[in-house]
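Following: one structure in structure tokens, then a few remarks.
The values are calculated or read from the model by the stated rules, or taken from the named source; none is laboratory data. In this text, all values refer to a predicted model and were calculated from it rather than measured experimentally. Using ideal geometry, Cβ is built from the backbone for each residue, glycine included, and neighbour counts are taken over all protein chains shown. Side chains are part of the model used for accessible areas, which takes the heavy atoms of the whole protein and leaves out ligands, DNA and RNA. Shrake-Rupley method; radii C 1.70, N 1.55, O 1.52, S 1.80 Å.
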Amino acid sequence: LIAAAEAAGFWKLVSRVFVENHASRALLGSLGFREVGVYEKHGKLDGAWRDVVIVELLIASNV
């Protein structure tokens with residue numbers, strides 16, 4: 001996905017991950033994503049409000 005986004009001219013990928021999903025956060029970190037913030041009570045899952053960590057990866061070489 002990262003290579004395809006770069007080839008298409010995108011300069012940034014952004015996503016969100018549940019705060020307690022440590023495995024996904026570690027994987028994203030190993031791919032170069034950085035955590036830039038938290039959305040509190042971003043949405044409900046199974047009746048409970050859930051926070052998410054915002055992650056981004058700058059992929060364009062000229063940024």
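Pull out all pairs, ordered by first then second residue, where Cβ-Cβ is under 6 Å, the residues are six or more apart or on different chains, the first lies in region 30-51 and is free of Cβ contacts under 8 Å to residues at least 12 places away in the same chain, and the second is in a strand (DSSP E or B) and of a type in the set (Asp, Glu). Close Cβ pairs (under 6 Å, with a partner that is in a strand (DSSP E or B) and of a type in the set (Asp, Glu)) amount to Glu40/Asp51. Scanning region 21-39 for residues that are of a type in the set (Gly, Ala, Ser) and part of a helix (DSSP H, G or I), we see that the one that is surrounded by the most Cβ atoms within 10 Å (Cβ to Cβ) is Ser24. Residues that are open to solvent by less than 70 Å² (accessible area, probe 1.4 Å), of a type outside the set (S, T, N, Q) and modelled with pLDDT of 95 or more were ranked within region 5-20; the one that is nearest to Ala60 (Cα to Cα) is Lys12.
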